[in-house]
Amino acid sequence: MPETYGPQARAALMQLMLEDRAIEHKEMTDRFKIKLPPKERGPLNDDELMSTSKEGRRLVHEITDKGVEWCMNDLVGGEGPARSGPLARAHTEILRRAIGFLHRRGLLSEAVRSGDLQSLIRAAYADLATAPEDWIRLARVRPRLNGAGKNEVDDTLLEMMKTGTVHLAPDSNTKMLTAEDRASAVRIGGEDLHLIAIEESS
């Protein structure tokens, strides 16, 4: 059984693994409702499961390879939530069996870390944008999508456009387009779209 940590520390490691990116301390608290005071994050840093760095005045947390390995072991053999009711215990046992099945076949890491492509696109955009609804080149977004194929990304972008909050546009200054810009474009109605903007969620 992996070494145990508090519920907040375990949740932080799992969330970092799921997101597969660095997460700001404020986002960890505000978005994911995970509190990581020094007494919680200190042991994770000391045991090299997570690194915490300072970017300006912001704290940023990122899981390490050792942390991912710990999460995988915890998923297979870790303890369930304390004071669980009978339904929660039954759900936990079902999940444990499914996780064990994937683990024995070497598929657990891929299943957990593959991520939802729409979420990856939104996260990549959020990292690159400097202002709300900033126009970002698709050539900068695609390399951040964990190797997802062009056709898969194109189809996902088209689905996201249907929400009315995701916008694609051509770059009118065609002389400035690079080979990467042209290769990354989404073609709609005979027009190549090189830029993406995503509205803030309300």
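The values are calculated or read from the model by the stated rules, or taken from the named source; none is laboratory data. From a predicted model like this one, the values you see are computed outputs, not experimental measurements. So basically every Cβ, Gly included, is an ideal-geometry build from the backbone, and we count neighbours across all protein chains shown.
If the condition is being within 13 Å of V60 (Cβ to Cβ) and in contact (Cβ under 8 Å) with a residue 12 or more places away in the chain, then the range 1-46 contributes A12, L16, E19, R21, A22, I23, E24, H25, K26, M28, L36, R41. Restricting attention to the range 55-92, which residues are small (G, A, S), over 22 Å from the mean Cα position of the chain (by Cα) and modelled with pLDDT of 85 or more? Listed by number, the list holds a single entry, G56. Apart from one condition, D47 fits all of (1) outside the structural domain of K150 (by TED's automatic domain parsing); (2) modelled with pLDDT under 90; the exception is (2). The residue of the range 116-171 that is farthest from R182 (Cα to Cα), among those that are touching a residue at least 40 places away in the same chain (Cβ under 8 Å) and part of a loop (DSSP other than H, G, I, E, B), is P132. Of the residues making up the range 158-197, those that are under 19 Å from D116 (Cα atoms) and either modelled with pLDDT under 95 or exposed (fewer than 10 other Cβ atoms within 10 Å of the Cβ) (or both) number 8. Quick check: anything in the range 163-176 outside the structural domain of A22 (by TED's automatic domain parsing) and touching a Lys or Arg at 6+ places or on another chain (Cβ under 6 Å)? Taking every residue of the range 163-176 in turn, none turns out to be outside the structural domain of A22 (by TED's automatic domain parsing) and touching a Lys or Arg at 6+ places or on another chain (Cβ under 6 Å).
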